[in-house]
Amino acid sequence: QVQLVESGGGLVQAGGSLRLSCIASGSFFRIESMAWHRQAPGRQRELVAGITRGGAAAYADSAKGRFTIPTDSPKNTVTLQMNSLQPEDTAKYYCTARALTRAGTDFQEYAYWGQGTQVTVSS
């Protein structure tokens with residue numbers, strides 16, 4: 001089992017910045033990737049950005065040029081630096097992780113979700 005704890009959400013004015021952090025803990029062999037998703041009221045959940053164990057980051061078109069996942073974060077941690085925030089970025093942001101767990105000589109990969117942290121951008 002993996003527990004994901006997010007922090008850093010809040011209220012910010014348009015054009016401002018926020019930094020979200022997520023720490024993974026629990027019983028697992030290795031984290032393979034971590035990512036941030038978001039869901040606004042009445043909209044589908046969407047992938048914002050993610051990073052692999054090897055440090056390769058990818059971003060949704062809506063995040064490119066404004067959001068960054070630092071590649072030097074501590075192990076089992078993912079940070080999302082959000083700049084130039086706009087009202088349309090208002091959503092609940094969820095940290096996710098794909099983790100390998102070992103059962104004997106076998107490994108299984110599972111996906112885990114955090115509880116989410118609210119980001120509200122006022123105009």
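Can you give the extra length, in nm with one decimal, that the chain gains between A40 and S7 once fully stretched, where that is 0.36 nm per residue apart less the Cα-Cα distance?
On the way: separation 33, 0.36 × 33 = 11.88 nm, distance 1.78 nm.
10.1 nm is the gain from fully extending A40 to S7.
Per the 1.4 Å probe, what fraction of the accessible area of the chain, in percent, lies on carbon and sulfur atoms? Before the final figure, lay out the partial values.
Details: 3200 of 6780 Å².
Carbon and sulfur atoms account for 47 percent of the accessible area of the chain.
List the trypsin sites (Lys or Arg not before Pro) within the range 13-101 that DSSP assigns to loop and that have no more than 10 neighbouring Cβ atoms inside 10 Å.
Details: sites: R19, R30, R38, R43, R45, R53, K64, R66, K75, K92, R98; in loops: R43, R45, R53, K64, R66, K75.
Hits after loop and neighbour filter: R43, K75.
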Gyration tensor on Cα atoms of the range 1-122, a ≥ b ≥ c root eigenvalues, a/c under 1.5 rounded, else prolate if a/b beats b/c, else oblate, says prolate
About its Cα centre, the range 1-48 carries a charge dipole, from +1 on Lys and Arg Cβ atoms and -1 on Asp and Glu Cβ atoms, whose size in debye to the nearest 20 is 80 debye
When every protein chain stays in place and a 1.4 Å probe is rolled, I51, I23 sorted by accessible area with the largest first are I23, I51
Any residue on another chain or 5+ positions along whose placed amide H is under 5 Å from the amide H of R30 is listed here as L100
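I'd like to check one number: the per residue accessible area of the chain, probe 1.4 Å, reported in Å² as a whole number.
Working: 6780 Å² over 123 residues.
Accessible area per residue, the chain: 55 Å².
Between Q108 and A56, what is the FRET efficiency for a Förster distance of 25 Å, r being their Cβ-Cβ separation, to the nearest 0.05? Spell out each step's value before the answer.
Working: r = 23 Å, r/R0 = 0.90.
Calculated transfer efficiency: 0.65.
The values are calculated or read from the model by the stated rules, or taken from the named source; none is laboratory data. What you see is a predicted model, and the numbers here were worked out from it, not measured in a lab. Cβ: placed from backbone, ideal geometry, glycine included. Neighbour counts: every protein chain shown. Accessible surface areas use protein heavy atoms only, side chains included; no ligands, DNA or RNA. Shrake-Rupley method; radii C 1.70, N 1.55, O 1.52, S 1.80 Å.
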